[in-house]
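The values are calculated or read from the model by the stated rules, or taken from the named source; none is laboratory data. Since the structure is predicted, the reported quantities are computational estimates derived from the model, not experimental observations. Cβ coordinates were reconstructed from backbone atoms using ideal geometry, including for glycine residues, and neighbour counts include every protein chain displayed. When the accessible area is computed, the model is the full protein with side chains, heavy atoms only, and any ligands, DNA or RNA have been set aside. Shrake-Rupley method; radii C 1.70, N 1.55, O 1.52, S 1.80 Å.
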Amino acid sequence: MMRGIERRRIFHGDTDRRDWVDRMGRLIPAHDVRCFAWALMPNHVHLVLQTGGGVLSRVMARLNTGYARSFNLRHRRSGYLFQNRFKSRIVRDDADLLNLIRYVHMNPLKARLVRSMAALERYPWSGHGALVGARSALPFEDVNRVLGYFANTRPRARRRLNSWMAGELDRPDADAELGGEPLPGPDESIDEEDEALEEMIARVCRHLGVST
């Protein structure tokens, strides 16, 4: 997760958003990274990624630095755009991965950027539309991997995915729950620079091969 400095906006319009998405389209496939979910919010970005060891930091550095330079030039500003280093945490298992995908893709609806599940399908600045077939998948979106968790065929997988997503609306505590444990908020996410965490990341990535 990347947040704007002092919680300021990092996207002022669709030109900014397209710039960010275009950069993901170039960088994520080039580094053999898999993207399972993403959402652009006014002042932050959520990504659920699978990477190899050491790749995540390089990808995020190039993505953030390149976008910040372009944003500053476009808006005639200078200085830092993002608040500190990006935040990340490890995916524990498949159930945790699926709940993270749902959490990320529900963000625009929960924040009232869109008004309904139907509108969320048409929202161009997240990965949900590609998963449900409302639009073609972008080069960096691993739709097949996500749908494979729900069924062996795309039509059935998408029906089950839609029902699963819609069920989240009936759960008032959904934002605070993830597999029976509290969902870390942006300020509680784990910073990769922590030495103990780095050691744990290496062990878990070897076992699961998944990072966010």
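Some observations on this one:
- Residues in the stretch 102-130 that are in a loop (DSSP other than H, G, I, E, B) and surrounded by fewer than 16 Cβ atoms within 10 Å (Cβ to Cβ): Ala111, Arg112, Arg115, Ser116, Pro124.
- Every residue from the stretch 21-63 that is assigned to a helix (DSSP H, G or I) and of a type in the set (A, V, I, L, M, F, W, C): Val21, Met24, Leu27, Ile28, Ala30, Val55, Leu56, Val59, Met60, Ala61, Leu63
- Enumeration of residues in the stretch 78-92 that are open to solvent by less than 70 Å² (accessible area, probe 1.4 Å) and at pLDDT 90 or above: Gly79, Leu81, Phe82, Val91
- Subset of the stretch 131-148 that is touching a residue at least 40 places away in the same chain (Cβ under 8 Å) and aliphatic (A, V, I, L, M) - its residue that is surrounded by the fewest Cβ atoms within 10 Å (Cβ to Cβ): Leu138
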